[in-house]
Amino acid sequence: MVREKWGTKLGFMLAAMGSAVGLGNIWRFSFVAGNNGGGAFLLLYLAFVILLGVPLLLAEVSIGRKAESDVVGSFKKLAPNTPWYLTGFFGIASSFLILSFYAVVAGWAIFYFWNYLNGSYFTSPEVGYEGAFGQFISHSWHPIAWTALFMILTIVIVLSGVKKGIEAANKIFMPLLALILIGLAFFSLSLDGASEGVKFLFQPDWTALSDPSIYIAALGQAFFSLSLGMGAMLTYGSYLRKENKLPSAALGIGIMDTFFAVISGLVIFPAVFAFGIDPSSGPPLVFITLPSIFEQMPMGGIVGLVFFFALILASLSSSVSILEVPTAYFMRILGWTRFATSVVMGAIMFVMGIGVSLGFGIWSGVTPIGDLNILDSMDYIASNILLPLGGLSMALLIGWYFSKSEALEATDFTGSSIGQIWYYLVKFVTPVMILLIFLNKLGVI
Ligand code: PHE
């Protein structure tokens with residue numbers, strides 16, 4: 001069977017940016033930053049994106065392009081007769097863990113879209129937005145129905161091949177989402193009390209850095225937000241043609257992704273302080289803050305409608321890249337069609353998603369890790385542990401298994417002086433940083 005290819009380099013860029021920009025930038029970024037003290041977290045996060053995120057992104061895409069295979073197959077091909085390929089299963093495992101909660105949260109976004117469409121969120125519900133949201137997510141089947149809808153949309157796109165739907169939709173909706181976010185940021189900044197939010201985001205409280213959890217949280221957020229370490233970018237890279245140059249693509253994706261995160265921080269935190277919401281409210285944070293902003297805005301109902309529509313599309317362009325990881329692998333291994341494979345994988349993720357959703361209702365007492373509920377526990381294992389481990393494995397492959405000239409060639413860096421810096425970052429800085437953060441968190445150092 002001939003493997004598929006992207007139509008154009010722009011098609012790849014849009015798909016990869018679409019993968020990177022999603023709930024991670026708006027929903028996950030705000031609550032993780034809110035939980036970890038704001039400013040200090042933002043600085044660490046930016047440092048990780050620059051030192052480790054963008055260099056690793058380049059490494060990951062280049063592995064896929066060179067091997068032209070899925071996340072397990074690529075390691076097998078490039079490092080034959082070594083156990084390297086086993087780390088590909090971290091990627092497969094994290095795709096299941098992440099998409100099953102991602103679909104639940106994206107389902108919440110569709111529910112909000114629906115409420116703006118039928119007008120019920122134009123004014124505050126009787127119980128307030130916080131109350132209404134709490135009632136909704138704790139319902140036994142209501143949120144699950146929206147999760148199902150999101151999962152079906154994701155499967156339909158993946159089974160029809162990523163090219164047409166996603167490439168086309170991204171071209172319109174990414175710029176639209178950016179425009180709305182910029183507009184919202186200005187509005188949010190004009191609210192009474194907004195300056196507290198700006199301080200929270202940009203004035204680092206250095207004492208926050210003494211807690212080892214903030215490092216692993218910032219590392220996990222960098223991986224999650226850039227879609228790194230799972231093999232999503234690797235798989236997308238495997239559909240690239242050799243003549244497409246990689247370094248500028250990786251940089252472009254990194255800049256776009258960071259832009260969306262910082263802008264959504266500027267939307268959320270001024271509003272959080274203006275409306276007296278607790279910045280460490282966790283995963284529900286944006287779902288409580290945003291409707292409060294929309295209600296205060298002129299034409300807020302329309303803005304809310306368009307915003308949630310764009311957010312759903314941004315989520316879809318990320319979720320397809322997640323589902324593509326196990327789909328590409330199991331298609332090859334089991335010899336199934338794309339259709340059958342994506343339906344079966346998506347169905348398994350949906351069933352896991354039911355558990356995630358019930359974790360906000362009848363299973364709210366279930367806390368697999370410490371006091372973390374089901375969603376937070378799955379997110380913790382996947383984003384803070386499995387993704388960085390996957391990234392570590394890729395960095396080691398490029399830095400230590402490949403020769404230097406092979407590594408530079410794979411990334412179109414032959415003869416480039418920036419390539420030298422990139423090489424040493426991936427060979428030494430990335431692995432050492434990931435290991436130090438793990439050891440620090442485990443209390444070993
Ligand atoms: N980067 C996506 C987001 O920010 C999520 C994602 C994680 C996608 C891992 C692919 C792989 O929403």
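Sorting L246, L266 on solvent-accessible area from highest to lowest, probe radius 1.4 Å, gives L266, L246.
Could you tell me the calculated FRET efficiency between F339 and T207, based on Cβ-Cβ distance and R0 = 60 angstrom, to the nearest 0.05? E(calc), rounded to 0.05, equals 0.65. For the chain, the share of alpha carbon pairs falling in successive 20 Å distance bins from zero is 27, 60, 13, 0 percent. With both labels modelled 7 Å from their Cα along Cα-to-Cβ, the I348 to K9 distance reads 3.7 nm.
Students often get this wrong: which residues of region 408-426 have the backbone nitrogen under 13 Å from the point 7 angstrom along Cα-to-C-beta of L251? Within reach of a label on L251: 413, 416-422. Just to confirm the number: angle between the C-alpha axis of helix 9-20 and the first principal axis of the chain, 0 to 90 degrees, nearest 10? Relative to the chain, helix 9-20 is tipped by roughly 50 degrees. Label-to-label distance for I445 and S403 is 3.2 nm, based on points extended 7 Å past Cα in the beta-carbon direction.
Partner lysines whose Cα lies under 28 Å from the Cα of K245, excluding those fewer than 8 positions away in the same chain, are identified as K5, K9, K66, K76, K77, K163, K164, K171, K404, K427.
For E130, the solvent-accessible surface computed with a 1.4 Å probe is close to 120 Å², ligands and nucleic acids excluded. The long axis of helix 54-67 is offset from the longest Cα principal axis of the chain by roughly 50 degrees. I need the shape label for region 236-375. Rule: rounded when a/c is under 1.5, else prolate if a/b > b/c, else oblate, with a, b, c from the alpha carbon gyration tensor. Here region 236-375 falls in the oblate category. The figure for D211 is an accessible area of roughly 70 square angstrom, using a 1.4 Å probe on the protein chains alone.
The values are calculated or read from the model by the stated rules, or taken from the named source; none is laboratory data. Here the structure is a predicted model, which is why all the values come from computation and not from measurement. Please note: Cβ atoms are built from the backbone with ideal geometry, for glycine as well, and neighbour counts cover all protein chains shown. Side chains are part of the model used for accessible areas, which takes the heavy atoms of the whole protein and leaves out ligands, DNA and RNA. Shrake-Rupley method; radii C 1.70, N 1.55, O 1.52, S 1.80 Å.
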